[in-house]
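Each remark here refers to the structure printed beneath this line.
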Amino acid sequence: MKIDRNNILTALSILVFFLFVWWGNHHLTAYAVRVWEDTLIFLMLAAGYNLINGVTGQFSLEPNGFVAIGAYVTAILILTPAQKESMFIIEPMVPWLAHLHMSFLPALIIGGIVTAIVGFLLGFPVFRVRGDYLAIVTLGFGLTIRVVSNNTITITNGSLGLKGLPTYTNIWWCAVWAVVAMIVIMRIVDSAFGRAMKAIRDDEDAAIAMGINTLWIKQIAFVTAAFFEGVGGGLLASLITIISPTMFTFFLTFELLIIIVVGGLGSMTGTAIATLLVVWGSELLRVVEQPMNIFGLQIPGIPGMRMVIFSILLIVIMIFAREGIMGQREFSWDWLFNKIKGKRA
Amino acid sequence: MSEVILKCDRLTMRFGGLTAVRDFSIEIKEHMIFGLIGPNGAGKTTAFNMITGNLKPTEGRIYFYGQDITGLKPYKIVSLGMARTFQNIRLFSNLSVLENVLTGFHHKLKYNLIDAILRTPRFYKYENQMKEEGMALLESVRLADKANFRASELPYGERRKVEIARALATGPKLLLLDEPAAGMNPQETLDLMYFIQEIKDKFNLTIFLIEHDMKFVMNLCETIAVLDHGVKIAEGKPEEIRTNPDVIKAYLGDINA
């Protein structure tokens, strides 16, 4: 009975969410819709990132690399052969890729799968190390992807990047994928696999002694994260319509890191709240990058000022709320009902 | 005669130039409580780590029920029926007591990732079954009322019991306890002694433990081996060990020195 009630409530809230999306698509300004699209893509990216960093406790810095792979794969698949031919002016594209063309959904899924495979292969060497070393080697991966995409001219068009991508991404694509990502990730967390991930986070040696194949569990988290980050990259590519090697820098990873730390490492609820705060916050903070006139003091627009503010925010959170907004807690219907009953009693 | 459950054949572990354990050979029979004692730094934990697969011995072989397990991965050894606890209690501090125990079931998990994502009937069936088994296990060690406490909220003595319960969840035939009484007051130590005796009978276990507390070892163990500077200097019944001149020398120093 209880489980049924919770499932119905979850289904209802997803329905309400999609009603909101439908309403927003018709009534919100194009700008607001665009920010919502960003928010939902970032939610998917951050949820995946939190699975490996927060739930499994493997501090890694690779998402920009995964997003880049997903973006490139999807972009190459949705560009028409004619577009590719006109774009590759330094060197022609490798023939089998030049003729490949498909619709958006398979392109996104293949983007996700390719990224997941890369994640799987990457997992074997990087999970030989723990802690800070893992952060360093995965940071290196993000940089490697940038160098590779810059130099594999016959595949990625090198530093010229890919332009004029068809704009398939709309708020519906983002909303559906974000919901799918959240459901899949939360279900993994709330299963024996999630327990094993948390066990590894709390004490890896003890997890090994409990008979948990820790490499395998880390791989599950890593590959799941890679898949959704790849799909997110594909959505971003079609949203921005231009991709180049310099687009997916460490700043993307940094932004996701802020989101999961602010929300609470290991809490998907926290990730959702923090994504809203950070994406919308950084839109509101655009003001600080504009030229300002404070009491007669002329300040020219400083690009990157928002990042300074976010860094300060991160430090403040580290000092006052070390566990983030939600810590490791999750929202649950049971919790809500207990709260309501508690207040009445 | 009962069967030999664990046999170590001339185990040697070298770390660079240091030989931590040299030619360590023991045989443990089923349903025994076997104690390994020795002064600090004698190599007891190193011997443990070799048996559980955390360290790969430089030389020598380990047999579990006659099967050579030398160099197997720790999680493989666990699934064969060997579980351990740690010297400094290592619970999953952010998980509840029940969840801690459930991690012990992971190696015999009967549903896969797809079941978990799609929430198939199989997922619910085995998830519920695991929770019931976990509660039953906690019930049998009288920790059921603490099931939903976070592991970090429990007092020290109970944490040790949870750690043992978690090891029991893996379904071991041989349980290795690394200094179970470390850091406990006399009353807690006494409780633990009864507790170990109790679970041994209840779960039909063989127990291999390392301990510093002499009274604890002498009262609990049927056979004791003594390790000093990585070498086994004696093995026998508690009363033999108590009067063995080599053991006294190792612990108290040479009278003639």
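The values are calculated or read from the model by the stated rules, or taken from the named source; none is laboratory data. Keep in mind that this is a model prediction, so the values were computed, not measured. Virtual Cβ from ideal backbone geometry, glycine too; neighbours counted across all protein chains shown. For accessibility, only protein heavy atoms count, side chains too; no ligands or nucleic acids. Shrake-Rupley method; radii C 1.70, N 1.55, O 1.52, S 1.80 Å.
Here are a few things to note about the model shown:
- Scanning region B:129-137 turns up no residue that is within 23 Å of the chain's Cα centre (by Cα), facing chain A (nearest Cβ under 10 Å) and within 30 Å of B:C221 (Cβ to Cβ).
- Where strands (runs of 3 or more DSSP E) sit wholly within region B:181-257, those with at least 1 residues that are closer than 16 Å to B:R160 by Cβ occupy B:206-210.
- Failed condition for A:A206, given (1) more than 7 Å from every other protein chain (Cβ to nearest Cβ); (2) open to solvent by less than 20 Å² (accessible area, probe 1.4 Å); (3) over 24 Å from the mean Cα position of the chain (by Cα): (1)
- Some residue of region B:154-165 being away from chain A (no Cβ under 14 Å) and in contact (Cβ under 8 Å) with a residue 60 or more places away in the chain: yes
- When region A:210-220 is filtered for residues that are open to solvent by less than 10 Å² (accessible area, probe 1.4 Å), at the interface with another protein chain (Cβ under 9 Å from one of its Cβ atoms) and part of a helix (DSSP H, G or I), only A:I217 remains.
- Within this structure, B:F149 passes the test of being farther than 30 Å from B:K215 by Cβ and either at pLDDT below 95 or among the aromatic types (F, W, Y) (or both).
- Among residues that are open to solvent by 10 Å² or more (accessible area, probe 1.4 Å), more than 14 Å from every other protein chain (Cβ to nearest Cβ) and touching a residue at least 12 places away in the same chain (Cβ under 8 Å), B:K146 is included.
- Filtering region B:13-40 to residues that are open to solvent by 20 Å² or more (accessible area, probe 1.4 Å) and in a loop (DSSP other than H, G, I, E, B) leaves B:G16, B:G17, B:E30, B:H31, B:M32, B:P39, B:N40.
- Checking A:K198 against (1) under 14 Å from A:N50 (Cα atoms); (2) of a type outside the set (G, A, S); (3) open to solvent by less than 20 Å² (accessible area, probe 1.4 Å); (4) within 8 Å of another protein chain (Cβ to nearest Cβ), the condition it does not meet: (3)
- Residue check for A:T241: of a type in the set (S, T, N, Q) and on the phi < 0 side of the Ramachandran plot: no
- Residue match in region B:59-76 (condition: among the hydrophobic types (A, V, I, L, M, F, W, C) and within 8 Å of chain A (Cβ to nearest Cβ)): no
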